[in-house]
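Quick notes on the structure that follows.
The values are calculated or read from the model by the stated rules, or taken from the named source; none is laboratory data. A quick note: this is a predicted structure, and the numbers were derived from the prediction, not measured. A quick note on method: Cβ atoms are made from the backbone with ideal geometry, for glycine too, and the neighbour counts reach across all protein chains shown. Heavy atoms of the whole protein, side chains included, go into the accessibility calculation; ligands, DNA and RNA do not. Shrake-Rupley method; radii C 1.70, N 1.55, O 1.52, S 1.80 Å.
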Amino acid sequence: MSATITHSEPGLRERKKVRTRQRLREVALQLATERGVEQVTVEDIAAGAEVSTRTFFNYFASKEDALIGPDPSAAPELARRLAERPTGEAPLESLRQLMLGRAATMVESGTDLRARMRLVKGCPSLQPVYLSVAATFDRVLTEGIAARLGTDPDLDPYPALLVAVASTAMRTTVAAWLSGPGDVGLAVMVDQAFAQIAAGLPAPPAAGTAGTAGTAGTAGTAGPAGTAGTAGPVGPGGTAPSASPARHATDASGTSPPAADARSAKQT
């Protein structure tokens, strides 16, 4: 008999706490946008939300935390979603799906996200908080990937390395999306970034030159015979060789690239 997991609805008390927290975040963002982060105090935020300073500190450790700190449920929710990915799914594909989910959430809060990121860029006091939040999420994902692989995240560098690459791809893609004209959706850009990672990050063709390198579904071509250590470009549909241990060497589709036989490269 299979067990059914149910998620109970939050009670009145919890819903009120969520609304208070959200209101404090909204007021903090509004005041910081109008005055500048340095010109806003915790007392200002509490007064704007019509709560006491003591109540403010029940939700946030500082004004910086109120501006860009994560929701307390965000990290556990991320861990749960990773654990629920299909068994046997390639680690990179699991992270791609999680990042696509985060992209959808970010699009829903587009205006607030843009305002918060402008504050982070322009205020040095926010940057340590931003980096701390990123590190927390990266650790959660690293432990989740390690658990799925049956390895120790403190001894095996692969989970942390994979998460670092995926997280950097997400952050740089979000930054490009926020800076761009918005004619390409964030989910599309995230998907493209992960396709490039899966392909081994091939260099794009030079501007003004025609070529098929890097096109989806095109396998990379081998370099000239006798050239040590070189290989042709790999398209997003191809599989890049991996320097990781064999048990980690899977691309986004879940298939393992064949191991190279060094002896076949010897000249007779």
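Of everything in segment 49-106 that is among the polar types (S, T, N, Q) and either over 30 Å from Gly36 (Cβ atoms) or assigned to a loop (DSSP other than H, G, I, E, B) (or both), the residue that is most open to solvent (accessible area, probe 1.4 Å) is Thr87.
So, Glu14, is that one more than 23 Å from the chain's Cα centre (by Cα) and either assigned to a helix (DSSP H, G or I) or not small (Gly, Ala, Ser) (or both) or not? Answer is yes for this residue. For segment 21-34, the count of residues that are open to solvent by 30 Å² or more (accessible area, probe 1.4 Å), at pLDDT 90 or above and more than 19 Å from Asp71 (Cα to Cα) is nonzero. For Asp138, the conditions (1) without any contact (Cβ under 8 Å) to a residue 40 or more places away in the chain; (2) under 19 Å from Pro70 (Cβ atoms); (3) open to solvent by 70 Å² or more (accessible area, probe 1.4 Å); (4) of a type in the set (Asp, Glu) all hold with the exception of (3).
What is the residue count in segment 144-181 for residues that are surrounded by 18 or more Cβ atoms within 10 Å (Cβ to Cβ) and either assigned to a helix (DSSP H, G or I) or basic (Lys, Arg) (or both)? Summing the residues that are surrounded by 18 or more Cβ atoms within 10 Å (Cβ to Cβ) and either assigned to a helix (DSSP H, G or I) or basic (Lys, Arg) (or both) in segment 144-181 gives 15. Checking the structure you have, find out if any residue of segment 116-128 is farther than 30 Å from Thr41 by Cβ, more than 12 Å from the chain's Cα centre (by Cα) and part of a helix (DSSP H, G or I). For segment 116-128, residues farther than 30 Å from Thr41 by Cβ, more than 12 Å from the chain's Cα centre (by Cα) and part of a helix (DSSP H, G or I): absent. With respect to the stated conditions, Gly144 fails to be at pLDDT 95 or above, over 25 Å from Gln192 (Cβ atoms) and small (Gly, Ala, Ser).
Scanning segment 120-139 for residues that are among the hydrophobic types (A, V, I, L, M, F, W, C) and under 20 Å from Thr173 (Cβ atoms) gives Val120, Leu131, Val133, Ala134, Ala135, Phe137.
Scanning segment 35-47 for residues that are open to solvent by 30 Å² or more (accessible area, probe 1.4 Å) and either in contact (Cβ under 8 Å) with a residue 60 or more places away in the chain or part of a helix (DSSP H, G or I) (or both) gives Arg35, Glu38, Gln39, Glu43, Asp44, Ala47. Hey, does segment 40-54 have a residue that's acidic (Asp, Glu) and under 28 Å from the mean Cα position of the chain (by Cα)? For segment 40-54, residues acidic (Asp, Glu) and under 28 Å from the mean Cα position of the chain (by Cα): absent.
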